[in-house]
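Working notes, structure below.
The values are calculated or read from the model by the stated rules, or taken from the named source; none is laboratory data. Given the structure is predicted, the values throughout are model-derived calculations rather than measurements. Please note: Cβ atoms are built from the backbone with ideal geometry, for glycine as well, and neighbour counts cover all protein chains shown.
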Amino acid sequence: MQQSEPSEAKDVTWVVTSQTTPWVVRRGLAVEAIAAIPDVIVRTDIPRQSIEGFGACFNELGWTSLAALNPEERDAVFRELFAPGIGANFTLCRMPIGANDVSRKWYSYDETPDDFALKHFSIANDLETLVPFIKSALKHQPDLKLWASPWSPPTWMKYNKHYAAAMPAPWQQGVTNGLRPDQVGKEGTDLFLQEERYFRAYASYFGRFVDEYRKQGIGVSMVMPQNEFNSAQVFPSCTWTPEGLARFIGYLGPEIEKRGVEIFFGTLERPKAELVEVSLRDPKASKYIKGVAFQWAGKGAIVDVRRAHPNLRLYQSEQECGFGGNDWRYCRYTWSLMKHYFGNGVSAYLYWNIAMPKNPKYLETVSYTGYENQLAFANPDGSIVVVLQNDLCEEMPVRVVIGNRMIAPTLPADSFNTFVMPEASPAP
């Protein structure tokens, strides 16, 4: 490999996280000339998809948990999550439309039976929780983008007249949701009433939701018609057939488009691209679908959807939370998820439970030495972020080429390493 002189650059930031010592900053990493075959090459010359943002979901119990803190402590949490350049720097978040599995109680915005005109529509419940939750985030990140999806329509719009769609399993002893056996929903069936008057009312319901939040100074830029439409759950949920969902999107599209709001198909939680294809082939629905969102087993469909529809934006819509252990094993699993999603073209990655004119871009990386355990991004300010995992039980030296510069750190055993390469100064 031909040698090249590095452009002048400021110090490289190196942050190491291991199982016992998180977020340790290391100093003195040199920027070198390229003088040997590297282990990783960051392709700064061919950036791929723009990253719209990272984020999480605003849930009611998330707000009530934070309410236990005093105002100064709570504000510090929001600063770490949302303030630019401080911590997580969340810029794109999700919220439920009505109750979900972490709500204080089960509710919708209109539980008056047959109120097709939505005369009783109200977000009064959210004024106590979700509205102040989101406003607290906006205080630190005014450019925060927000998208929303329902877990369940109002119960009078469903065949089973209930929020839930499944009875508690035998192992869920002591759990009850009041569902009768004849009210149970099944995958591949429509729990939503398949009549025009219900489709129109539900489309208007979405529109009213957007309108009422705008009155609170909160903009919703995108909606998805149903969270996990294949899954009958013991909490608020609603199964749809792909055909039923396509029919509804045909009504939802005009209602939401006139408000300048986008529609994504989602959230897809099955590894079957054909579930998306029904709506994308439907002439009334397809013209409104701007993207597709995947979560859980839905990650198995992303390759086929991307191949068939390269112009659609793709989101990862929910981090797999498992049993909430938040341990090192799950950290390593999350890393594998992020590599899968970003490597297959997603522009957003969202955690569960707690845009901008220019966005970071995902950068392709290549290796000729068999090292394939990295992610790289280009920031709008010209800096490059590279994250490397050493999954060995011993230290590992690596050489990373970024443009015409190289770094050669020795990665600690079993660690994640984040490197921030500042923009190079112009050559004299």
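In the list Glu187, Glu212, Glu128, which residue meets the criterion of being of a type in the set (Asp, Glu), at pLDDT 95 or above and more than 30 Å from Arg79 (Cα to Cα)? Just one listed residue meets the conditions, Glu187.
Say we look at segment 11-26 and pick out the residues that are farther than 24 Å from Met406 by Cβ and among the β-branched types (Val, Ile, Thr); which of these is surrounded by the fewest Cβ atoms within 10 Å (Cβ to Cβ)? Among residues in segment 11-26 that are farther than 24 Å from Met406 by Cβ and among the β-branched types (Val, Ile, Thr), the one surrounded by the fewest Cβ atoms within 10 Å (Cβ to Cβ) is Thr20. Answer yes if at least one residue in segment 64-71 is polar (S, T, N, Q), under 30 Å from Ile263 (Cα atoms) and modelled with pLDDT under 95, and no otherwise. Scanning segment 64-71 turns up at least one residue that is polar (S, T, N, Q), under 30 Å from Ile263 (Cα atoms) and modelled with pLDDT under 95. Checking each residue in segment 43-72 for being over 23 Å from Ala88 (Cα atoms) and surrounded by 12 or more Cβ atoms within 10 Å (Cβ to Cβ) picks out Arg43, Thr44. Here Leu350 clears all of (1) modelled with pLDDT of 95 or more; (2) over 16 Å from the mean Cα position of the chain (by Cα) except the condition numbered (2). Being outside any loop (DSSP other than H, G, I, E, B) and in contact with a Ser or Thr (Cβ under 6 Å, 6 or more places away or on another chain), is that true of even one residue in segment 396-411? Scanning segment 396-411 turns up at least one residue that is outside any loop (DSSP other than H, G, I, E, B) and in contact with a Ser or Thr (Cβ under 6 Å, 6 or more places away or on another chain). Filter segment 390-402 down to the residues that are under 31 Å from the mean Cα position of the chain (by Cα) and surrounded by fewer than 20 Cβ atoms within 10 Å (Cβ to Cβ) and list them by number. Scanning segment 390-402 gives Asp391, Leu392. The residues of segment 163-183 that are out of contact with any strand residue (DSSP E or B) (no Cβ under 9 Å at 6 or more places or on another chain) and either within 30 Å of Glu52 (Cβ to Cβ) or not polar (S, T, N, Q) (or both), listed by number, are Ala166, Met167, Pro168, Ala169, Pro170, Trp171, Gly174, Val175, Arg180, Pro181, Asp182. If the condition is being in contact with a Gly (Cβ under 9 Å, 6 or more places away or on another chain) and within 28 Å of Lys215 (Cα to Cα), then segment 261-291 contributes Val261, Glu262, Ile263, Phe264, Phe265, Gly266, Thr267, Tyr288, Ile289, Gly291.
Suppose we filter Val131, Val102 for residues that are in a loop (DSSP other than H, G, I, E, B), under 27 Å from Phe265 (Cα atoms), among the β-branched types (Val, Ile, Thr) and within 24 Å of the chain's Cα centre (by Cα); which single one remains?
On the way: Val131 fails: in a loop (DSSP other than H, G, I, E, B).
That would be Val102, the only listed residue that is in a loop (DSSP other than H, G, I, E, B), under 27 Å from Phe265 (Cα atoms), among the β-branched types (Val, Ile, Thr) and within 24 Å of the chain's Cα centre (by Cα).
Filtering segment 52-91 to residues that are in a loop (DSSP other than H, G, I, E, B), within 17 Å of Val385 (Cβ to Cβ) and touching a strand residue (DSSP E or B) at 6+ places or on another chain (Cβ under 6 Å) leaves Glu52, Phe90, Thr91.
A count restricted to segment 175-201 and to residues that are in a helix (DSSP H, G or I), touching a helix residue (DSSP H, G or I) at 6+ places or on another chain (Cβ under 9 Å) and within 17 Å of Ser152 (Cα to Cα) stands at 4.
Any idea which of (1) in the same structural domain as Val386 (by TED's automatic domain parsing); (2) modelled with pLDDT of 95 or more is the one Ala36 doesn't satisfy? All conditions pass for Ala36, except number (2).
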